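The values are calculated or read from the model by the stated rules, or taken from the named source; none is laboratory data. The model shown is predicted, which means the values in this text are computed figures rather than measured ones. Quick reminder, even Gly has a Cβ in these numbers, built from the backbone with ideal geometry, and neighbours come from all protein chains shown. The accessibility values were calculated without ligands, DNA or RNA, using every heavy atom of the protein model including side chains. Shrake-Rupley method; radii C 1.70, N 1.55, O 1.52, S 1.80 Å.
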Amino acid sequence: MTSKFNISLFCYSLSLFSGISYLWGFWLSFDINILSFVALTDIVKASVYPTLPAIGILAAYSAMDGINAVSKEQQSIMISEGGFAKGFSYFFTGWCIFLAVFSFGNAIYTAFTETGYMRLRGIYPLIGLALFFYTVLSNKFVMKVPMNLRVFIISIICFLPVVSFNKGFSNGQLAANHEEKGFYLESKGYCSSSKTEKFRYISNFGSRIFTISSKDNSICVSKSDEFKLIKYNVKNHNKNRCRAADTLFGC
C-alpha cells in the first residue's frame, strides 16, 4: 500500500511540476507570473493537450532506445568480436558523447547569455541533463530497473518538465506574434477590439481572459463573462480576397 501510494504521489508531483513548467515557458514571452492568477486545478489542465505530441515523441524515442540498449557485458562482447559490431559500438558511443557535450554546452551558453527569466531556457535543460546522467551513472537508482526500461523511465522523469517548458515557450511565442494565425477579442467589457486596436486572445483561466494589444503589446486581464473570438490571419480559399477583419493584420 505504501509503495503504491509513493508511486502515485510521485506521478502526481511530476505531472504537476510539468504543468507548472509549461505555464512558465508559455508566459515567459509576456513577462507575467501566471501562477499568481491560476488555481491548482488549472495547471495540469492547461498544459496536458498542448504537450501531448512532444511527450509522445519523447516516450516513443525513449522506448525504442531502451529496447535497443545493451548492457556493458554485451558491449564488451561486441567490441571483442571486431568487425562491424566493434565499429558500430564505437560509433554509437562517440555519437552519445557528442550529443551530451553539445547539449550541455548549448544549455550553459543559453543560461549565461540570456537575461532575467529567459535564462530558464538554458537552466531547464541543464538540470534535466545533469539529473539524467547522474541517475544513469548511479547504480543505486537504476540497478533494480530492467535494462530495456531504464532509458525510457529515466528519460520521462528527467526530461518531461524540460519538454513541457520548451513546448510552452514555443506556443507562447506564437500566441504573442500578431502576424500568426489567431483570434482577436470582442466583448462588451474592457479591452474589446476596435478598428484601431486589436486585442489578440492569449488564454483564459477561470473568470479571467488574457489578451495582448496590437498597439503597444500591453497585456489586458479582464473578466470572461461574455466575449466573442474572431479569426484573423487566416486565408480564405473560397474567395479571392480576405475578409475585412483579416486585412487589418494581413492575410
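Could you list, ordered by first residue, the pairs with Cβ atoms under 7 Å in which the first is in the range 161-178 and under 19 Å from PHE199 (Cβ atoms) and the second is open to solvent by 60 Å² or more (accessible area, probe 1.4 Å) and in a loop (DSSP other than H, G, I, E, B), at least 6 apart or interchain?
LEU174/GLU180
Any residue in the range 213-236 that is without any contact (Cβ under 8 Å) to a residue 24 or more places away in the chain and charged (D, E, K, R) sitting within a Cβ distance under 7 Å of a residue that is part of a loop (DSSP other than H, G, I, E, B) and open to solvent by less than 100 Å² (accessible area, probe 1.4 Å)? List the pairs, counting only those 6 or more apart or interchain.
If the second residue must be part of a loop (DSSP other than H, G, I, E, B) and open to solvent by less than 100 Å² (accessible area, probe 1.4 Å), the pairs left are LYS215/GLU197; LYS235/CYS251.
Which condition from (1) closer than 16 Å to ALA176 by Cβ; (2) open to solvent by 20 Å² or more (accessible area, probe 1.4 Å) is the one that CYS220 breaks?
Condition (2) is where CYS220 drops out.
For residues that are open to solvent by 30 Å² or more (accessible area, probe 1.4 Å) and hydroxyl-bearing (Ser, Thr, Tyr), scanning just the range 124-177, find the one that is modelled with the highest pLDDT.
SER170
In contact with a His (Cβ under 9 Å, 6 or more places away or on another chain) and either modelled with pLDDT of 85 or more or assigned to a loop (DSSP other than H, G, I, E, B) (or both): which single residue out of ILE230, ILE212, ILE202 fits that description?
Selected residue: ILE212, the only one of ILE230, ILE212, ILE202 that is in contact with a His (Cβ under 9 Å, 6 or more places away or on another chain) and either modelled with pLDDT of 85 or more or assigned to a loop (DSSP other than H, G, I, E, B) (or both).
May I ask you to list pairs of residues, at least six apart or on different chains, whose Cβ atoms are under 7 Å apart, with the first in the range 103-119 being open to solvent by less than 70 Å² (accessible area, probe 1.4 Å) and the second being part of a loop (DSSP other than H, G, I, E, B) and aliphatic (A, V, I, L, M)?
From residues that are open to solvent by less than 70 Å² (accessible area, probe 1.4 Å), there are no pairs.
Going through SER36, SER13 one at a time, which residue ends up being open to solvent by 20 Å² or more (accessible area, probe 1.4 Å), modelled with pLDDT under 85, hydroxyl-bearing (Ser, Thr, Tyr) and farther than 23 Å from ILE156 by Cβ?
None of the other options fit; the residue is SER36.
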